[in-house]
Amino acid sequence: MAAEEKQTCYEGGYVQSFQFYLEHSGEHEAVLQWVQNILPGEFKRIGAGKSSLDVLGVGSGGGQLDVQILSLLQSTCPTVPISSDIVEGSAELVDNFKALVAKTANLQKIPFVWHFMKSEEYEKQVKAKGDMKRFDFINMIQMLYHVDDLAETISFYQSLLKENGRLMIVIEAVKGGWDTLWRTYQKELCTDVALVYRSSGDVVDCLKKHGLKYEEHVIPNTFEITECFDPSSKNGECLLNFMTMQDHFHQSFTPEIRAGILDLLRNKCSTEKDGKIFFDSTLSCILVYA
């Protein structure tokens with residue numbers, strides 16, 4: 001019961017904070033551009049000779065990227081039936097995802113199975129049943145910060161892949177802006193929603209340790225954070241709230257910690273151009289082989 005009561009990411013106020021971040025960061029657009037360039041070739045290989053395709057989204061949030069990925073798979077393999085399982089622990093985001101599916105005409109033929117639970121709960125449920133459904137493609141986008149055991153999570157989901165399947169992990173790039181911020185202030189930031197910070201370096205270390213084959217791709221992205229340095233800016237405070245996973249950035253830290261974070265954001269995590277400050281939000285996409 002205690003595990004169920006533990007705060008999961010993007011509940012309540014965090015949902016609004018997350019949506020605000022997505023609107024301002026261009027993160028989904030950056031991932032989508034990469035997906036459109038790389039995944040069609042992967043999908044052709046995965047779908048070759050298959051009579052059906054099974055997809056699993058883990059921690060899929062409101063489904064904005066999952067819907068695009070499924071649409072791309074559908075257009076790449078137009079004659080192959082597709083099914084989709086979704087694992088997501090936020091009730092509000094599951095509702096958002098279902099609403100998005102309902103108004104996406106080309107997805108009406110795809111049957112969805114909704115698993116309203118955290119990824120560890122899904123893992124326990126599957127292992128308890130002893131009947132593992134396997135998948136041709138599994139995507140885990142920006143969700144590995146919220147699992148207790150990184151190595152076990154990756155190993156489990158990789159084991160669910162069918163022959164020629166791929167597990168796609170999208171996570172913050174090692175040595176990027178996020179990595180610099182959260183490694184430097186890990187003690188202050190890893191307190192409630194995200195209890196541990198992880199980047200692509202941690203994932204790659206796990207994959208190497210377990211001898212899993214993978215390929216890694218960099219997804220460049222930046223977004224403007226100039227308003228973060230204006231104490232009167234509500235947009236700036238909303239961004240800072242999300243970037244530090246706090247309800248109220250200006251009230252959550254001592255003046256010294258606030259000043260240190262802002263200095264780090266400006267001078268170590270960002271670049272300045274034409275008087276505007278752009279945060280380095282480079283991502284890594286890691287494709288793990290079956």
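Taken together, the values in this text are just the output of simple stated rules run on the coordinates, not laboratory data. None of the values given here were measured: they were computed from a predicted structure. Every residue, glycine as well, gets a Cβ built from its backbone with ideal geometry; the counts of neighbours run over all protein chains shown.
Tell me which helices (runs of 4 or more DSSP H) are completely within region 203-290 and hold 1 or more residues being of a type in the set (Lys, Arg) and touching a strand residue (DSSP E or B) at 6+ places or on another chain (Cβ under 7 Å), or say none if there are none.
255-267
Any residue at all in region 96-109 that is in contact with a helix residue (DSSP H, G or I) (Cβ under 7 Å, 6 or more places away or on another chain), more than 26 Å from GLY165 (Cα to Cα) and of a type in the set (D, E, K, R)?
no
Name the residue that is surrounded by the fewest Cβ atoms within 10 Å (Cβ to Cβ), counting only residues in region 48-84 that are more than 21 Å from LYS103 (Cβ to Cβ) and among the charged types (D, E, K, R).
Looking at residues that are more than 21 Å from LYS103 (Cβ to Cβ) and among the charged types (D, E, K, R), I get LYS50.
Out of everything in region 119-135 that is under 13 Å from VAL58 (Cβ atoms) and of a type in the set (A, V, I, L, M, F, W, C), what residue ends up being surrounded by the most Cβ atoms within 10 Å (Cβ to Cβ)?
Restricting to residues being under 13 Å from VAL58 (Cβ atoms) and of a type in the set (A, V, I, L, M, F, W, C), the top hit is PHE135.
Hey, among the residues in region 92-118 that are touching a residue at least 40 places away in the same chain (Cβ under 8 Å) and assigned to a helix (DSSP H, G or I), which one's surrounded by the fewest Cβ atoms within 10 Å (Cβ to Cβ)? Break it down into steps so the answer makes sense when it comes.
First pass over region 92-118, keeping only residues touching a residue at least 40 places away in the same chain (Cβ under 8 Å): 92-93, 107, 110, 118.
Those still in the list that are assigned to a helix (DSSP H, G or I) too: 92-93, 107.
On the way: GLU92: 16, LEU93: 21, LEU107: 19.
So the residue we want is GLU92.
Is it the case that region 170-190 has a residue that's under 29 Å from MET132 (Cα atoms) and either surrounded by 15 or more Cβ atoms within 10 Å (Cβ to Cβ) or touching a residue at least 24 places away in the same chain (Cβ under 8 Å) (or both)?
Initial filter on region 170-190 (under 29 Å from MET132 (Cα atoms)): 170-171.
Pick out the ones that are also either surrounded by 15 or more Cβ atoms within 10 Å (Cβ to Cβ) or touching a residue at least 24 places away in the same chain (Cβ under 8 Å) (or both) and you get 170-171.
Among the residues of region 170-190, at least one is under 29 Å from MET132 (Cα atoms) and either surrounded by 15 or more Cβ atoms within 10 Å (Cβ to Cβ) or touching a residue at least 24 places away in the same chain (Cβ under 8 Å) (or both), which makes the answer yes.
Given the structure, is ILE154 closer than 20 Å to LEU53 by Cβ, surrounded by 18 or more Cβ atoms within 10 Å (Cβ to Cβ) and of a type in the set (Val, Ile, Thr)? So that I can check it myself, show each step before the final result.
Working: closer than 20 Å to LEU53 by Cβ: no; surrounded by 18 or more Cβ atoms within 10 Å (Cβ to Cβ): yes; of a type in the set (Val, Ile, Thr): yes.
Spelling it out, it is not the case that ILE154 is closer than 20 Å to LEU53 by Cβ, surrounded by 18 or more Cβ atoms within 10 Å (Cβ to Cβ) and of a type in the set (Val, Ile, Thr).
Considering only residues of region 270-285 that are farther than 12 Å from VAL174 by Cα and not charged (D, E, K, R), which is surrounded by the fewest Cβ atoms within 10 Å (Cβ to Cβ)? Show your work before the answer.
Residues of region 270-285 farther than 12 Å from VAL174 by Cα: 270-279.
Now narrow it down to the ones that are not charged (D, E, K, R): 270-271, 275, 277-279.
Values: SER270: 23, THR271: 12, GLY275: 6, ILE277: 19, PHE278: 17, PHE279: 24.
That would be GLY275.
For region 66-91, enumerate the residues that are more than 20 Å from LEU32 (Cα to Cα), part of a helix (DSSP H, G or I) and in contact with a Gly (Cβ under 7 Å, 6 or more places away or on another chain).
Selection gives nothing.
Restricting to region 157-181, name every residue that is of a type outside the set (S, T, N, Q), in a helix (DSSP H, G or I) and in contact with a strand residue (DSSP E or B) (Cβ under 8 Å, 6 or more places away or on another chain).
Of all residues in region 157-181, those of a type outside the set (S, T, N, Q) come to 157, 160-163, 165-179, 181.
So of that shortlist, the ones also in a helix (DSSP H, G or I) come out as 157, 177-179, 181.
Selection gives TYR157, GLY177, TRP178, ASP179.
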